[in-house]
Amino acid sequence: MIAHYGYRDASGEYFVSIDAALCTGCAECVAACPRQAMEMTTILVGLDDKSVAAVRESSRKELRHVCGACDHRGGTPCQAACGPKAVGVTWKPL
Amino acid sequence: MADREYWRWSEVRQVLPGRDWKGAKAVTAGIDVGSVGSKAVVMLDGAIGSWAIMRTGFNSPDSAQQVLGRALEGTGLAASDIHYVVGTGYGRVNVPMAKKTVTEISCHARGANHIWGKSVRTILDVGGQDIKAIRVDEAGNVVSFLMNDKCAAGTGRGMEVIADLLAVPIDELGELSLKVDQDPAPVNCTCVVFAKSEAVALLRKGWSKEKVLAAYCAAMAVRMHSLLSRVGVEREFAVTGGQSRNSGIVTRLERTLGFPRLPAADVAAGLDPMLAGAIGAALYAKAFHEKAAKG
Amino acid sequence: MTAIGVDAGASRLKLVLVRDGAVVARGSAPCGLDLAGAAAGLLADVLARAGIERGGVEKILATGAGADAVPYATGKVNPVRALARAGVHLVPGARTVFEIGAEEARAVRCDAKGQVTDFALNDKCAAGAGSFLEAMSRALETPLEELGPLSLRATKAVTMTAQCVIFAESEVVSLIHRSTPREEIARAAYEAMANRVQSMLLRLGTVPEVVCVGGVARDLGFLAALERRIGTKVTVPPDPEFAGALGAALCAGAP
């Protein structure tokens, strides 16, 4: 399951996407984010609980302002921290 | 503003006829406490037995209790007779009688699968203040999803802005917008503030209400399509939520996609899309109950 | 050299006439529906008040969102450049300058000569600009000029969760229904806006002196909320809404 957190507004498109199938629950991205915008959450896979990364609820609607702190040209800290490559980042200001 | 919120549901309940309330092996319930409406569905061995909808009050536990009580009225059962309750809903929902809480996305997906069958793969839920796009598999598991509650564009609240501007009742707006020979170019499709400014300018240029509405609805349909594209659209496609009744948006979205959405299921049998979350929660309750019984 | 700078913003036109680096006259007008017409009228008005003929003006540079619609402009200036030039002219120690307009906000880092070294924008989203405060003023039924003083009476604030002007208006209505004191709602609105402006400044780093211009710079409620967040004093020069036009005029003299 891929969860897309973020939005597209008139100023551009900003999303952080987490692939729960690849996520191992290691929480390295949570530690790596300079704005503390990530957290661990529990989702259902079938009928079992799985701990996976997510964007903190208070950050989702201001993702532009949160992710704007990072340099998007080479790959962000959250992406670099994720071994299984479960974190995807869309940063498209107009 | 309160009396213009046409996405509010009226307070109703139903006990479906011909159900065997005493003989059911698994009596389960799903309670969905939304920001506007609370819903409860009681299932007997995975089939809907009764349901209720009411306005969400100031606190979640009371709303959950009341709506479950409503759903049980006339069934001969009490809350204590239910084998397993799953709670769901908006944000950090608190359903005290629930053994487990499942996210509203997962419940909505399972519920849509129950309502429309295993062919449904893409669900667009257009509410008063948010839009959700969900891809599901044939069992109703979520494959991909996104929720927009940052922007008003495409939400019921966003439609209210143009309804107020043109002094058109919001439930007539869709049909009015279709009374044009040809759709004009859409106004700004990412921001209601800009879309409204453009609509004002068009009105001043002498455009009719119908034409302005067409441009606005076209823009909102483009907006929804772009949200859907992120999760990917696969047939069959279903639309739920208050805005699903807005023909001005739905018709244009179908045109863009090149295929129609799934028709409404049998609402008389309790298969109302408004109940999708509570239905999904009740189904999860059955699955958890059976899993616990096995082992 | 006599030069004119015209700042065609989303809401208002501002015009400044500069001779040899000093402001001689200025004026402003609403953009209205006919921006070109309003610009022509504003030019005639300012020239008349200054007692200067059109022929006596060597350059007219336009800036702002509507710069292309100013019919008599001889050239254009990027609003970011204009901002830096004006900032340092008005406050010689300015090294971080930001402007909050009706629909856009922008910030620059600059050197002592007013040259841009870095910049950041909050554009195309009214939530981080003046339109947001206008919406709050409507929702709270308080004139815009009283909104700041109202917010300063609050000792605490709830957190607004809405990030869209449209949703923010609804959120204010429901806060009012829940009997939240109006001054706390006003303060919450300024906190929300200051949060968005702060994120723009964080991208640049705030190096003193930090200078704020644009129409919103006059708002004491906004300034208080922002200073609380960034922990640095913010300087506001006189007539801050004319900074863009001034900067454009100054760029005519020495680009």
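What follows draws every value from the coordinates through simple rules; no lab data is involved. This is a predicted model, so every value here is computed, not measured. With ideal geometry, Cβ positions are generated from the backbone for all residues, glycine too; neighbour counts draw on all protein chains shown.
Worth a mention:
- For the range B:188-264, the spherically averaged projection of the C-alpha convex hull amounts to 5.5 nm².
- Alpha carbon centroid spacing (whole Å) that separates the range C:132-171 from the range B:116-141: 36
- Amide H contacts of residue B:271 (H built 1.01 Å from N, under 5 Å, at least 5 apart or other chain): none
- Residues of the range B:209-243 with amide N under 16 Å of a point placed 7 Å along Cα→Cβ from residue A:94: B:216, B:219-227
- Whole-number D in µm²/s for the range B:125-257 (Stokes-Einstein; Kirkwood sum over Cα pairs; 25 °C, 0.890 mPa s): 165
- Neighbour-count ranking [beta-carbon atoms within 10 angstrom, fewest first] of B:157, C:49: C:49, B:157
- Within 10 Å of the Cβ of each residue in A:42-48, the mean number of Cβ atoms contributed by other protein chains is 5.
- Surface/4 of the Cα convex hull for chain C, nm²: 12.9
- Magnitude of the charge dipole for the protein assembly as shown, about its Cα centre and with charges confined to Cβ atoms of Lys, Arg (+1) and Asp, Glu (-1), is about 820 debye.
- Annotation for the range B:247-295 versus the range B:26-50: alpha-carbon center distance of 13 Å.
- Length added when fully stretched, residue B:205-residue B:245, from 0.36 nm per residue minus Cα-Cα: 11.4 nm
- Cα-based shape type of the range B:36-166, given that a ≥ b ≥ c are square roots of the gyration tensor eigenvalues and the cut on a/c is 1.5: oblate
- Fraction of alpha-carbon pairs over 12 Å apart in the range A:45-94 - percent: 72
- In plain terms, the chain from residue B:118 to residue B:12 could stretch by 35.4 nm, reckoned as 0.36 nm per residue minus the Cα-Cα distance.
- Chain B - percent relative contact order, Cα under 8 Å, separation 6 or more: 24
- Residue B:229 paired with residue C:20, simple spin-label distance in nm, labels 7 Å along Cα-to-beta-carbon: 5.8
- Per-residue shielding of C:157-167, expressed as the average number of other chain Cβ atoms within 10 Å of the residue Cβ, stands at 6.
- log10 of Debye I(q)/I(0), alpha-carbon scatterers only, for the range C:92-236 at 0.08, 0.17, 0.21 Å⁻¹: -0.21, -0.86, -1.24
- Normalising the average separation of contacting C-alpha pairs (under 8 angstrom, six or more residues apart) by the number of residues puts the relative contact order of the range A:38-94 at 19 percent.
- Residue exposure proxy: B:82, A:18, C:176, B:249, ordered by other Cβ atoms within 10 angstrom of their Cβ from fewest to most, comes out as C:176, B:82, A:18, B:249.
- Take each residue of peptide A:55-64, count the partner chain Cβ atoms within 10 Å of its Cβ, and average: the result is 4.
- Approximating the spin labels as points 7 Å out from Cα along Cα→Cβ, the residue B:36-to-residue C:29 distance works out to 4.5 nm.
- Counting only alpha carbon atoms, the long axis of helix C:130-139 and the longest principal axis of chain C meet at about 40°.
- Electrostatic tally near residue B:292: other residues with Cβ closer than 12 Å to its Cβ, Lys and Arg +1, Asp and Glu -1, net +4.
- You can think of it this way: the chain between residue C:220 and residue C:1 has 75.2 nm of extra reach, that is 0.36 nm per residue less the Cα-Cα gap.
- Relative packing of peptides B:146-156, B:281-291, A:40-50 - highest average C-beta neighbours within 10 Å first: B:146-156, B:281-291, A:40-50
- Principal semi-axes in Å for the range A:2-93 [√(5λ), Cα gyration tensor, largest first]: 22, 14, 11
- Label zone at residue C:146, where the point sits 7 Å out along the Cα-to-Cβ direction: the range C:161-193 residues whose backbone N lies under 15 Å: C:182-184, C:186
- Protection proxy ranking, highest mean first, for peptides B:169-179, B:46-56: B:46-56, B:169-179, where packing is the per-residue count of other beta-carbon atoms within 10 Å, averaged.
- The alpha-carbon atoms of chain B, seen along their principal axes, cover 68, 36, 34 angstrom, with the largest extent given first.
- 0 to 90° range, to nearest 10: angle between helix C:79-90 axis and chain C longest Cα axis: 90
- Cβ crowding within 10 Å ranks C:190, A:5, B:216, B:84 as A:5, B:84, C:190, B:216, fewest other Cβ atoms first.
- Size-normalised alpha-carbon gyration radius of the protein assembly as shown, reference 2.2 N^0.38 Å: 1.07
- Under the criterion of Cα pairs below 8 Å and six or more residues apart, the relative contact order for chain C equals 24 percent.
- Estimated 222 nm signal from helices in chain A, with DSSP H stretches of n ≥ 4 weighted -39500 (n - 2.57), rounded to 500: -3500 deg cm²/dmol
- Taking a point 7 Å out from the Cα of residue A:40 in the direction of its Cβ, the residues of the range A:50-86 whose backbone N falls within less than 12 Å of it are A:50-54.
- Helix B:156-166 vs. chain B, principal-axis angle (Cα, 0 to 90°, nearest 10): 40
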